[in-house]
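Novice: I'd like to ask you about the structure that follows.
The values are calculated or read from the model by the stated rules, or taken from the named source; none is laboratory data. Since the structure is predicted, the reported quantities are computational estimates derived from the model, not experimental observations. With ideal geometry, Cβ positions are generated from the backbone for all residues, glycine too; neighbour counts draw on all protein chains shown. Surface accessibility is based on the protein's heavy atoms, side chains included, excluding ligands, DNA and RNA. Shrake-Rupley method; radii C 1.70, N 1.55, O 1.52, S 1.80 Å.
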Amino acid sequence: MARRKLVYEGKAKILYEGPEPGTLVQYFKDDATAFNAEKKAVIEGKGVLNNRLSEFFMVGLGHVGVPTHFIRRLNMREQLIRAVEIIPLEVIVRNFAAGSMAKRLGMEEGTPLPRPIVEFSYKDDKLGDPLVPEEYIIAFGWATQQDLDDIVQLALRVNDFVGGVMYGVGIKLVDFKIEIGRVWDNDFMRLVVADEISPDSCRLWDMETGQKLDKDVFRRDLGNLTDAYTEVARRLGVLPTNVTHATKPTLIN
Ligand code: ADP
Ligand code: MG
């Protein structure tokens with residue numbers, strides 16, 4: 001079997017060349033990083049769960065008319081995606097104050113925001129993904145004003161969909177981050193949701209208890225991360241089978 005060509009290895013995923021031009025295979029690793037990769041760990045099963053959860057949300061978004069890079073899941077850890085030109089921004093949507101926003105503004109975590117707030121960070125690990133105003137994005141040519149308007153609309157549609165689905169299973173979508181990519185059909189460019197949507201890239205709190213069910217469990221040492229992600233997957237009905245137990249062969253007679 002021919003070895004696949006590695007395209008990029010990141011902190012949580014690996015991209016390989018896909019079977020057809022314009023496609024990639026996205027492999028979900030068990031690696032967890034936080035605080036700009038200062039804190040690292042391997043968390044068994046995380047990649048399998050994120051592969052499933054990202055599939056679940058990308059497919060759902062497709063069904064409500066939001067374009068994504070997702071083509072199909074290949075196996076427990078891999079999915080086939082469209083290769084896109086990633087816009088070097090982390091697009092963050094916030095419904096409640098938390099994390100860096102709460103810190104920056106001295107707000108209590110969990111304070112409801114008057115409306116969803118969309119903000120942008122420049123995707124650069126060395127710089128620690130700094131927050132950037134729209135003015136910078138346009139001036140430096142990372143995206144046009146038209147792109148930004150479309151990106152905000154996309155991000156808000158993702159927020160409505162993911163927030164609604166989470167509400168249905170008793171989880172509050174506090175905030176999340178997505179990446180947006182450009183797909184070219186000849187001279188025509190479209191923006192699609194890329195990268196992943198998973199508890200690695202969202203803040204998810206149990207509606208009743210406030211228990212954290214996202215990567216903050218790892219960032220803040222609040223317990224077992226796989227347990228938290230498994231709980232999210234279980235509630236959404238997307239628990240992968242055959243993950244935890246090695247099943248014995250069964251005799252058929
Ligand atoms: P990083 O450490 O850079 O965040 P990840 O481990 O998250 O990397 O790996 C995913 C990488 O692949 C990211 O750099 C992301 O921008 C990129 N990516 C995600 N989806 C696509 C896509 N559809 N086409 C091309 N690149 C993508
Ligand atoms: Mg990433």
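Novice: How far apart, in nm, are two points set 7 Å out from the Cα along the Cα-to-Cβ line at Ala34 and at Asp149?
Specialist: That separation, rounded to one decimal, is 4.0 nm.
Novice: Using only the Cα atoms of the chain, what are the Rg and Dmax in Å?
Specialist: Cα only, the chain: 18.5, 71 Å (Rg, Dmax).
Novice: Looking at the chain as a GNM with Cα springs under 10 Å, which of Leu236, Leu127, Leu213 has the largest mean-square fluctuation?
Specialist: Leu127
Novice: Could you work out how much longer the chain between Lys11 and Glu109 gets when fully extended? Use 0.36 nm per residue separation minus the Cα distance between them, nm to one decimal.
Specialist: Answer, rounded to one decimal: 32.6 nm.
Novice: Which residue, Ile178, Gly22, Asn50, has the largest displacement toward the positive end of the dipole of the chain when charges sit on each Cβ (Lys, Arg +1; Asp, Glu -1)?
Specialist: Positive-end residue among those listed: Asn50.
Novice: State, to one decimal in nm², a quarter of the convex hull surface area for the C-alpha atoms of the stretch 80-201, i.e. the direction-averaged projected area.
Specialist: Value for the stretch 80-201: 8.9 nm².
Novice: Have a look at Tyr167, Phe70, Tyr229 and report the one farthest towards the positive end of the charge dipole of the chain, computed about the Cα centre with Cβ charges (Lys/Arg +1, Asp/Glu -1).
Specialist: Selected residue: Tyr229.
Novice: Starting with the highest mean, order 45-52, 29-36 by the number of other Cβ atoms within 10 Å, averaged over the residues of each peptide.
Specialist: Most protected by this proxy first, the peptides run 45-52, 29-36.
Novice: In percent, what relative contact order does the chain have, based on Cα pairs under 8 Å that are 6 or more apart in sequence?
Specialist: 18 percent
Novice: Would you look at the GNM of the chain, springs on alpha carbons closer than 10 Å, and say which of Glu179, Glu44, Glu78 moves the most?
Specialist: Greatest mean-square fluctuation among the candidates belongs to Glu44.
Novice: Here is a follow-up. Heavy atoms only, probe 1.4 Å: what % of the accessible area of the chain goes to carbon and sulfur, would you let me know?
Specialist: C and S atoms contribute 53 percent here.
Novice: Separation between the Arg4 and Leu156 pseudo-spin-labels, each 7 Å from Cα along Cα→Cβ, expressed in nm?
Specialist: 3.7 nm
Novice: Provide, for the stretch 1-103, the number of lysine pairs with alpha carbons under 28 Å apart, each pair being eight or more places apart or on different chains.
Specialist: Final tally of qualifying lysine pairs is 19.
Novice: Just order 170-176, 55-61 by mean Cβ neighbour count inside 10 Å, highest at the front, would you?
Specialist: 170-176, 55-61
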